[in-house]
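What follows is a short report on a single structure.
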Amino acid sequence: MYKYSLAAAAGVAAILASGSAMAGKDLDAIKARGSLICGVGTGTAGFMLADSQGKWVGLDVDVCRAVAAAIFGDAEKVKYTPLTAQQRFTALQSGEVDILSNNTTATLTRDTALGLDFTAITYYDGQGFMVNKKLGVKSAKELNGATVCVAPGTTTELNLADYFRAQKMSFKPVVIEKVEEIRAAFFSKEPLAPAVRHGDQQFADIVRWTQYAMLEAEEYGISSKTVDDMLKSDNPTIKRILGVTPGMGKALGVDEKWVYNIVKQVGNYGESFERNVGMGSPLKIERGLNKLWTQGGLQYAPPIR
């Protein structure tokens, strides 16, 4: 038993000593192509939308920009493919896109049956009904027999049916492909996360730790405006995050300046949130559940160490 344990420990030590992650086929293809292909939605203000110059902007877009910054050191090395809710999973499975970042809710069956890997939660969302003010409806429980518009191929559609069933009410669904979802916490959990294909754990790790890096940066006060000064910090955690103390980039299989590049070019999570959907945007959505854990929210990142 002792010899076996010693041999196993030696094997683990050898793996750790190698330092860098094993390369995967998806990441190799992305690097060879020179750009990340990001599957976004057809347009949702604050999350993914092409502006008047055709440039994609939004919280979900920033996820892809940050992943590109981690891989290439350049947040602009992204090509965007607009997909409907019904097209998105097939596009990822077939290799048409490398990553989905388009308001996709992480669920058990999507994670298993569809052959996907969900990474870190980028936005804790909810659901609600929007009705004409003149109807005077004060509660969803007054909607028995209502006609409700809903986007197909979404958890919104499933949650709608669950809600009416639970309330023992009837409704008539009207399926409209491009209906804009209402973003307000109401009755249903909607944890939105990027999704990648099963099979390339290194690429999944990069996507996952890109989100964690944006959260860690915010927690430690590292922003696009302060990141250069933070390179001089004596804090060992900050030195490790920004690659001043090397090792984390090698472990992930990217440049040691991967977090620096993300924050410098895209910003930390708070900057991205405020710019796209928060108080600095036309939407003016409160952080709510998306506050850092230190501020009473759910956004929490494991340590970069």
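The values are calculated or read from the model by the stated rules, or taken from the named source; none is laboratory data. These numbers come from a predicted model, not from an experiment. Using ideal geometry, Cβ is built from the backbone for each residue, glycine included, and neighbour counts are taken over all protein chains shown. Each accessible area value is taken on the protein alone, full model and side chains, heavy atoms only, with ligands, DNA and RNA left out. Shrake-Rupley method; radii C 1.70, N 1.55, O 1.52, S 1.80 Å.
Here are a few things to note about the model shown:
- Subset of the stretch 72-98 [surrounded by 18 or more Cβ atoms within 10 Å (Cβ to Cβ), out of contact with any Leu (no Cβ under 7 Å at 6 or more places or on another chain) and among the β-branched types (Val, Ile, Thr)]: VAL97
- Scanning the stretch 197-214 for residues that are crowded, with 24+ Cβ neighbours inside 10 Å and in contact with an Asp or Glu (Cβ under 6 Å, 6 or more places away or on another chain) turns up just one, PHE203.
- None of ASP60, ASP98 is within 20 Å of VAL263 (Cα to Cα) and among the acidic types (Asp, Glu) except ASP60.
- Candidates GLY24, GLY58, GLY39, GLY34 - the one that is loosely packed, with under 12 Cβ neighbours inside 10 Å and either at pLDDT 95 or above or closer than 18 Å to PHE203 by Cβ (or both): GLY34
Quick grid of which residues meet (1) hydrophobic (A, V, I, L, M, F, W, C); (2) in a helix (DSSP H, G or I); (3) surrounded by 20 or more Cβ atoms within 10 Å (Cβ to Cβ); (4) touching a residue at least 60 places away in the same chain (Cβ under 8 Å):
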position	(1), (2), (3), (4)
TYR260	no, yes, yes, no
VAL263	yes, yes, yes, no
GLY280	no, no, no, no
ARG305	no, no, no, yes
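- Extreme residue, surrounded by the fewest Cβ atoms within 10 Å (Cβ to Cβ), among residues of the stretch 282-296 that are more than 18 Å from TRP209 (Cα to Cα) and in contact (Cβ under 8 Å) with a residue 60 or more places away in the chain: PRO282
- Hits in the stretch 237-258 - residues which are free of Cβ contacts under 8 Å to residues at least 60 places away in the same chain and out of contact with any Ser or Thr (no Cβ under 7 Å at 6 or more places or on another chain): ILE238, LEU242, GLY243, VAL244, THR245, PRO246, MET248, GLY249, GLU256
- Applying the criterion of being without any contact (Cβ under 8 Å) to a residue 12 or more places away in the chain and assigned to a helix (DSSP H, G or I) to the residues of the stretch 215-236, the residue that is most open to solvent (accessible area, probe 1.4 Å) is ASP229.
- Breaking point among (1) modelled with pLDDT under 95; (2) part of a helix (DSSP H, G or I), for TYR212: (1)
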